[in-house]
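Novice: This is the structure I want to talk about, given as structure tokens.
Rule-based calculations on the coordinates, nothing more; no lab input. This is a predicted model, so every value here is computed, not measured. Methodologically, a virtual Cβ is constructed for each residue, glycine included, from the backbone with ideal geometry; neighbour enumeration extends over all protein chains shown.
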Amino acid sequence: MRTVDPSRRAALRGAAALLLLPSLTACALSAAGKSAQLIADALDTTWRFIVAQVPALAISPATQESLTNAFRAINAGGWELTTQAAASPETVVDFVNGVNEVLTVIVATPAIPLDLPGPAGDPISAILAAVVTLMPEVESSFKLSIPVVSIERPTPGAPPKPAGKPPPLMSMDAAQALLTRVSATRRQVPSPR
């Protein structure tokens, strides 16, 4: 029986580990990419729906510009994470910042009723909760933990809520199912004016 030199065995193990590493990374990125794409499609669809449904929605030119930049970052990040090879930690940071910007605008605009039934019939607040629930999945591929803005609209005169990571708003499966339903309505939602 032929024996293998221990140093050669270690070298072979190292080579095998290197061969397995890209497939492990691809698995992590594909889970992150799926979540990122769902978030990108659902936020885009939801924003178009809001603009079409809320009469006289006043959005200043500065806010409109920030939203345009945010959606560019979200859509580019969703695509890059899905295609795996192009993704980087900077992509994830840009993606999260874009999501934060869109969530901030929706929550901070009193003219947008958060209980408005969204594109698939679920309230806008539930769609935002699903987005926040899936964000850790996107960040985890690069071991990042970037705070996601609060989706609770402050009550006038109420004390500010303490900072910290909120508990999950719904299960991952429920969040994915909800955003999948919203994304499926994408072609039926008119473009924003």
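Novice: Would you please put 169-178, 143-152 in order of how densely packed they are, using the mean number of other Cβ atoms within 10 angstrom per residue and starting with the highest?
Specialist: Ranking the peptides 169-178, 143-152 by packing returns 169-178, 143-152.
Novice: Subtracting the Cα-Cα distance from 0.36 nm times the residue separation, let me have the gained length for LEU116 to LYS143 in nm, one decimal.
Specialist: 6.2 nm
Novice: On a full-extension model of 0.36 nm per residue, what is the gain between LEU169 and ARG72, subtracting their alpha-carbon distance, rounded to one decimal in nm?
Specialist: So the extension gain works out to 32.3 nm.
Novice: Please identify which residues in region 83-118 have an amide N closer than 14 Å to a label point set 7 Å out from the Cα of ARG186, following the Cα→Cβ vector.
Specialist: 83
Novice: Show me the ranking of peptides 88-101, 55-68, 105-118 by mean Cβ neighbours inside 10 Å, starting with the highest.
Specialist: Ranking, from highest mean packing down: 88-101, 105-118, 55-68.
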